[in-house]
1. I'd like the distance between the alpha-carbon centres of segment 175-196 and segment 308-325, rounded to an integer number of Å.
2. Using label points projected 7 Å from each Cα along Cα→Cβ, tell me how many nm separate residue 80 and residue 263, to one decimal.
3. Quick one: 3J(HN,Hα) in Hz for segment 140-153, Karplus 6.51/-1.76/1.60 with θ = phi - 60°, rounded, Gly and Pro as x.
4. Give the accessible area for residue 69 in Å² (nearest 10); use a 1.4 Å probe, count only protein heavy atoms, and leave out ligands, DNA and RNA.
5. Going by Cα centres, segment 100-129 and segment 214-238 are how many Å apart?
6. So what are the ³J(HN,Hα) numbers for segment 310-324, from phi and the Karplus equation (6.51, -1.76, 1.60; θ = phi - 60°), rounded to whole Hz, Gly and Pro as x?
7. Per the 1.4 Å probe, what fraction of the accessible area of segment 131-282, in percent, lies on carbon and sulfur atoms?
8. I'd like to check one number: the per residue accessible area of segment 125-242, probe 1.4 Å, reported in Å² as a whole number.
Amino acid sequence: LRYVMQSAIYKAVMAILIICGLVPILLYFYAFHSGLSQTHASWAEFGSFLSPIISILAFTGLLYSIKLTRNQFQQQSEENSFFNLINLHVNKVIKITGGKRLELEGMEAFKYYVSEFETIYNTKCYDYARSAMAYETDKLPNLGYQFLYKKLTHGKECVFAGEKEIKHVLDYFMHHDNDRWEALKSFVNESCSPLDREELQNIGALVFEDSSAEFRIKKLSNIYELFYDKYGHMLGHYFRNMYYVLDYVDKTKQSRFFNRIYRAQLSRYELAMLFYNIMGPYTSTAFNRLVFKYDMLDDLFGPDLCYTAHDDRLNADLNARKRVD
């Protein structure tokens, strides 16, 4: 906006100067239009009249030349600074390490961190499933009713939970309404089998995905907090540098052009980690504003995320995050 206003003011001043130069000439010919004079004195008088006008037009041309030079210098300076920042970003990505023995580097390290985030998510899905079973039993996905019915009937198979099976589950928890959690713990607890835990994680994933966008971004924020406690020292400087680059880009005349170049440098796993970062508690409103302003997540690949993020669900989550900021 600042550059637009400056350009508009400059153009207005140039127009005024040109008008100031041309109007006297037009008035002169309007007043003295008797044809070309044959005397030297008349031409000398005309030259004296034109001299200040020519000076005004020459000054106008000088101002225009200075503006062109200044714009070229500013453009070159912005480009040099921007591409230096791009080199800095690339170097930071190369130096990112990951893995149990930090044997992974660059893009492979980011892939590792995306996988680690998903591991924490899967663990939390176990908790989401148990919480929903105890306190929101009437809102469970069908897989949840199948699991509970099998447990309540001591192993009776249930391929699909119909009205009878669902009623059986709901009646059980209504009967234990005063202490639903203890009622659930009698057959679902920390010592459950790996097979049960896997099934509970799948149920929790469905609970997570079928919940509101506000619920999902709140839970993603909690997961990111756990993730950052473990890996923040490896990735924190990466996101601080990203904010610095976007902040610089935002202040340049070529912000959209620069942003397209910068966005093209980000790998799919960097975009996934960026998504998790803006959902987390350690981001900032200023950083998120720039991420959304320049559509940094436009190329985000939904299957790279820990949950089923089809377009509608992903857009809902991003819009919910915008509203929070």
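1. The two parts, judged by their Cα centres, are 33 Å apart.
2. In this crude label model, residue 80 to residue 263 measures out at 2.9 nm.
3. My calculation for segment 140-153 gives 5, x, 4, 4, x, 5, 4, 4, 5, 4, 4, 5, 5, 9 Hz in order.
4. The value for residue 69 is about 80 Å².
5. 11
6. Each residue of segment 310-324 in turn: 5, 4, 4, 5, 5, 4, 4, 5, 5, 5, 5, 5, 4, 5, 5 Hz.
7. Numbers: 4050 of 7850 Å².
Carbon and sulfur together cover 52 percent of it.
8. 54
The values are calculated or read from the model by the stated rules, or taken from the named source; none is laboratory data. Just so it is clear, the structure is predicted and the values come from calculations on it, not from any experiment. As a convention, Cβ positions derive from the backbone with ideal geometry for all residues, glycine included, and neighbour counts pool all protein chains shown. Quick note on the areas: whole protein, heavy atoms, side chains included, nothing else; ligands and nucleic acids left out. Shrake-Rupley method; radii C 1.70, N 1.55, O 1.52, S 1.80 Å.
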